[in-house]
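**Student:** For reference, the structure I am asking about is given below.
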Amino acid sequence: MSVRIKVCGFTRVEDAVAAARLGIDAIGLVFYDKSPRHVGIAQAQAIIAALPPFVTVVALFVNATREEIEAVLAQCAIDVLQFHGEESPAFCRSFHRPYLKAVRVQPGTDLQTLAAQYHDARGLLTDAFVEGAHGGTGKTFDWTLIPAQLPLPLILSGGLDEHNVADAVRRVRPAAVDVSSGVEAGKGIKSPQRVADFVAAVRAAQN
Ligand SMILES: O=C(O)c1ccccc1NCC(=O)[C@H](O)[C@H](O)COP(=O)(O)O
């Protein structure tokens, strides 16, 4: 199966539409107000309404309350939840929606145990560990820390861009890749050219 591509952190309708036309599989919307890529409800609704069919919409949260998440779900057509904080497995599954659990990887991170704990997640998203940050850092991590076999689909993230993603796909063989900073012209501003180059690099790595 071809490697799926998720681009995270859209803030503008035109960027999301352009990226969808370039063949990405999923867009991420950041509902975390400390992120420079944070979107409000109205902004998210406008982006989602403009998407062509069959583009998965992923909503990102960092230690949000149940009420905050339910408010987003009630007002926006979200397909998948993505949890970037210390949310427990029970909390993640309590929304009865497909979800991804993000893990910030550093030496000693036990991905096998995490995969077992979040066994009903649609995938484990591995991101770089950066002190004080929850994601969207543009930093890579040591891919050899990822076990060759995991019981959950692996979504590789953290500092990917058009220059390193082909190598990442060949080495790690993830089910999907996820990128934010690496396809930007500025924080929250996606560059269609960089998205096109990123998609081309992923596809070339599979041929
Ligand atoms: O993008 C953000 O600003 C962000 C902030 C807080 C938590 C998560 C965030 N993004 C989540 C993502 O899925 C990013 O794509 C992922 O962290 C990789 O980011 P990058 O290294 O910039 O490609």
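**Student:** Identify, from the list Ala44, Ala18, the residue that is more than 10 Å from the ligand (Cβ to nearest atom), in contact with a Leu (Cβ under 7 Å, 6 or more places away or on another chain) and not β-branched (Val, Ile, Thr).
**Tutor:** On the way: Ala18 fails: in contact with a Leu (Cβ under 7 Å, 6 or more places away or on another chain).
Being more than 10 Å from the ligand (Cβ to nearest atom), in contact with a Leu (Cβ under 7 Å, 6 or more places away or on another chain) and not β-branched (Val, Ile, Thr) holds for just one of Ala44, Ala18, which is Ala44.
**Student:** Do you know which residues across region 172-191 are part of a helix (DSSP H, G or I) and within 12 Å of Phe10 (Cα to Cα)?
**Tutor:** Going through region 172-191, the residues part of a helix (DSSP H, G or I) turn out to be 172, 181-183.
If the condition is that a residue be part of a helix (DSSP H, G or I) and within 12 Å of Phe10 (Cα to Cα), then Ser181, Val183 are the ones that fit.
**Student:** Would you mind telling me which numbered condition in (1) closer than 26 Å to Gly40 by Cβ; (2) at pLDDT below 95 Glu184 fails?
**Tutor:** Of (1) closer than 26 Å to Gly40 by Cβ; (2) at pLDDT below 95, only one is false for Glu184: (2).
**Student:** Then there's this: Could you please let me know if Thr137 is within 12 Å of the ligand (Cβ to nearest atom), polar (S, T, N, Q) and over 20 Å from Thr56 (Cα atoms)?
**Tutor:** yes
**Student:** Say whether the condition of being under 17 Å from the mean Cα position of the chain (by Cα), among the basic types (Lys, Arg) and part of a loop (DSSP other than H, G, I, E, B) is met by at least one residue in region 91-98.
**Tutor:** First, the residues of region 91-98 that are under 17 Å from the mean Cα position of the chain (by Cα): 92, 97-98.
The next check asks that each one be among the basic types (Lys, Arg); those that pass are 97.
Filter once more, so that each one left must be part of a loop (DSSP other than H, G, I, E, B): 97.
Looking through region 91-98, at least one residue is under 17 Å from the mean Cα position of the chain (by Cα), among the basic types (Lys, Arg) and part of a loop (DSSP other than H, G, I, E, B).
**Student:** Looking at region 146-166, which of its residues are more than 7 Å from the ligand (Cβ to nearest atom), more than 11 Å from Gln112 (Cα to Cα) and not acidic (Asp, Glu)?
**Tutor:** Once the filter is applied, which keeps residues that are more than 7 Å from the ligand (Cβ to nearest atom), more than 11 Å from Gln112 (Cα to Cα) and not acidic (Asp, Glu), region 146-166 yields Pro153, Leu154, Ile155, Leu156, His163, Asn164, Val165, Ala166.
**Student:** Which of the residues belonging to region 168-189 are more than 11 Å from the ligand (Cβ to nearest atom), in contact (Cβ under 8 Å) with a residue 24 or more places away in the chain and more than 14 Å from the chain's Cα centre (by Cα)?
**Tutor:** Ala168, Val169, Arg170, Arg171, Val172, Ile189
**Student:** Here's something else I'd like to know. In region 86-99, what count of residues is obtained for those that are farther than 17 Å from Ile155 by Cβ, surrounded by 14 or more Cβ atoms within 10 Å (Cβ to Cβ) and either at pLDDT below 95 or within 16 Å of the ligand (Cβ to nearest atom) (or both)?
**Tutor:** Counting residues in region 86-99 that are farther than 17 Å from Ile155 by Cβ, surrounded by 14 or more Cβ atoms within 10 Å (Cβ to Cβ) and either at pLDDT below 95 or within 16 Å of the ligand (Cβ to nearest atom) (or both) gives 0.
**Student:** Of everything in region 72-85 that's aliphatic (A, V, I, L, M), out of contact with any Ser or Thr (no Cβ under 8 Å at 6 or more places or on another chain) and outside any loop (DSSP other than H, G, I, E, B), which residue is nearest to the ligand (Cβ to nearest atom)?
**Tutor:** Among those that are aliphatic (A, V, I, L, M), out of contact with any Ser or Thr (no Cβ under 8 Å at 6 or more places or on another chain) and outside any loop (DSSP other than H, G, I, E, B), it is Leu81.
**Student:** Does region 47-71 hold any residues that are within 15 Å of the ligand (Cβ to nearest atom) and either closer than 17 Å to Ala20 by Cβ or of a type in the set (A, V, I, L, M, F, W, C) (or both), and which are they?
**Tutor:** Those that are within 15 Å of the ligand (Cβ to nearest atom) and either closer than 17 Å to Ala20 by Cβ or of a type in the set (A, V, I, L, M, F, W, C) (or both): Ile47, Thr56, Val57, Val58, Ala59, Leu60, Phe61, Val62, Ala64, Ile69.
**Student:** Restricting region 156-173 to residues that are of a type outside the set (D, E, K, R) and surrounded by fewer than 24 Cβ atoms within 10 Å (Cβ to Cβ), which is nearest to Leu60 (Cα to Cα)?
**Tutor:** Gly159
Residues checked against (1) more than 17 Å from Cys8 (Cβ to Cβ); (2) in a helix (DSSP H, G or I):
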{"position": "Leu114", "(1), (2)": "yes, yes"}
{"position": "His119", "(1), (2)": "yes, no"}
{"position": "Asp127", "(1), (2)": "no, no"}
{"position": "Val130", "(1), (2)": "no, no"}
{"position": "Ala133", "(1), (2)": "no, no"}
{"position": "Thr137", "(1), (2)": "no, no"}
{"position": "Gln149", "(1), (2)": "yes, no"}
{"position": "Gly159", "(1), (2)": "no, no"}
{"position": "Asp167", "(1), (2)": "yes, yes"}
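The values are calculated or read from the model by the stated rules, or taken from the named source; none is laboratory data. This is a predicted model, so every value here is computed, not measured. Virtual Cβ from ideal backbone geometry, glycine too; neighbours counted across all protein chains shown.
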